[in-house]
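> Below: one structure in structure tokens.
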Amino acid sequence: MADGSPSVLLLIPAYNEEERIGPVLRDYATYFREHYEGEFRAVVVLNGCRDNTLGVVEEVAKEFPEIEPLNFEAPIGKGGALIEGFKKATEAEAVLTGYVDADGATPAKAFHELIKRCAAGEADCVIGSRWLPGSVLHQSQTKLRRVFSRGFHTIVELLFWLGIADTQCPAKLVRREALEEILESLRIADLAFDVNLLVSLKQRGYTIKEVPIEWTDQLGSKVTANLWRVSLVMFLSVVRLRLVHSPFYNWLRPLRPLETWLYLRLNAPPPRPAADSQSPALEEASPLDSPPK
Ligand SMILES: Nc1nc2c(ncn2[C@@H]2O[C@H](COP(=O)(O)OP(=O)(O)O)[C@@H](O)[C@H]2O)c(=O)[nH]1
Ligand SMILES: [Mg+2]
């Protein structure tokens, strides 16, 4: 299914990114104006920012109208921001929807490579990998972060048998048909969101291709600064995801309030309730004292 330059919607989740996001948005917009024939749009999904990220994005958007902010006052988490962005993408009918971080770790050219692979019909979802031979790491993550990353990878492999070397690389691209089908099953609002996305795609028989990527780890990570707590939340989320897809899930439903309490205690965004559930809507269900990391 080759399609030269399909329309692309790029999501950029942003939480307190006033320092880092401006140049990244300009680089992406300039690159795609110069190198991409198809339609390119970028939506920055802000969640609970307490700095001037919105002002910075609005300023860039005046110069580059293909960029727009989507602002949530509540700290809905990186996964929550991506879920909202994906909903918007299906409404906008972009052929391909992807995401990268706001800090420029993935250069525009590297994201363009994912688009070329997806447009060439290599897979329904193409994801960058920092762990495959051929990846170019100008700056790696800290050693401790890499140890945690490999630990998380092992747990994810044991739980889901995905066979993916780097589930967490924030450079991913999905075809619209696949996205539409899995949208309702995307629930994880924290940083384990990527696993939710990949498991949902795989369960529905969509193909995922992992390709080596160019990556520069950036200073100022909020994840590395809160590594133990973030890792615990991610662990909880993948175990939860495994249980959701097990026969025991119905027995566990009554524990939902306990689960929400636990996430809030960990200062993390709770998983989103199902559309048909009796749980309150997300915005009301996230009375976090302070934004999640
Ligand atoms: N930690 C955190 N990051 C978020 C959140 N929402 C969006 N993000 C974005 O997630 C991306 C990765 O964050 P970063 O701190 O650079 O983490 P790292 O690159 O994984 O070390 C950035 O674009 C953040 O702005 C959130 O609620 N918490
Ligand atoms: Mg980063």
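Every number in this text was worked out from the coordinates using simple rules, so none of it is lab data. All values reported here derive from a predicted model rather than from experimental measurement. Neighbour counts run over all protein chains shown; Cβ positions are idealised from the backbone, glycine included.
> What are the principal axis extents of the Cα atoms in region 168-257, in Å, biggest first?
If we take the Cα atoms of region 168-257, the spans are 44, 34, 16 Å.
> Taking only the C-alpha atoms, wrap a convex hull around region 1-53 and report its volume per residue in Å³ as a whole number. Working shown, then result.
Details: hull volume 3.9 nm³, N = 53.
Once divided by residue count, the hull of region 1-53 is 75 Å³.
> Straight-line reach from LYS109: which lysines have Cα under 17 Å away, leaving out those fewer than 8 places along the same chain?
LYS172
> Based on the alpha carbons, how large is the Rg to Rh ratio for region 105-190 when Rh follows Kirkwood?
Values: Rg = 14.2 Å, Rh = 14.6 Å.
Taking Rh as the inverse mean 1/r over Cα pairs, Rg/Rh reads 0.97.
> Can you give the Rg and Dmax of the chain based on its C-alpha atoms, in angstrom?
Answer for the chain, Rg first and Dmax second: 18.0, 54 Å.
> For the chain, with only Lys/Arg (+1) and Asp/Glu (-1) charged at the beta-carbon, what is the dipole magnitude about the Cα centre, in debye rounded to 20?
1240 debye
> To the nearest 20 debye, what charge dipole does region 81-231 have about its Cα centre, counting +1 at the Cβ of each Lys and Arg and -1 at the Cβ of each Asp and Glu?
On the way: 19 positive and 19 negative charges, 89 e Å.
Dipole of region 81-231, to the nearest 20 debye: 420 debye.
> Okay, helix-only estimate at 222 nm for the chain: each DSSP H run of n ≥ 4 adds -39500 (n - 2.57), divide by all residues, round to 500 deg cm²/dmol; what do you get? List each step's numbers first, then the result.
Working: 11 runs with 126 residues, N = 293.
It lands at -13000 deg cm²/dmol.
> Could you state the angle between the C-alpha long axis of helix 21-35 and the longest principal axis of the C-alpha atoms of the chain, as a value from 0 to 90 degrees rounded to the nearest 10?
Its long axis makes an angle of about 50 degrees.
> May I have the pair-distance distribution P(r) for region 57-106, computed from all Cα-Cα distances with 5 Å bins from 0 and rounded to whole percent?
4, 15, 22, 28, 24, 5
> Nearest 10 degrees is fine. How inclined is helix 143-160 to the longest principal axis of the chain, computing both from alpha carbons?
70 degrees
> Then there's this: With the dipole of region 8-285 worked out from charges on the C-beta (+1 for Lys and Arg, -1 for Asp and Glu) around the Cα centre, which of VAL44, ASN71, PRO257 lies farthest toward the positive end?
Going by the charge dipole, the pick is PRO257.
> Given +1 on the Cβ of Lys and Arg, -1 on the Cβ of Asp and Glu, and no further charges, what dipole in debye does region 23-125 carry about its Cα centre, rounded to the nearest 20?
About 140 debye.
> Let me ask you something else. Hey, any idea what the orientation-averaged projected area of the convex hull of region 1-109's Cα atoms comes to, in nm²? Can you show the working numbers first?
Numbers: hull surface 26.4 nm².
Its average projected convex-hull area is 6.6 nm².
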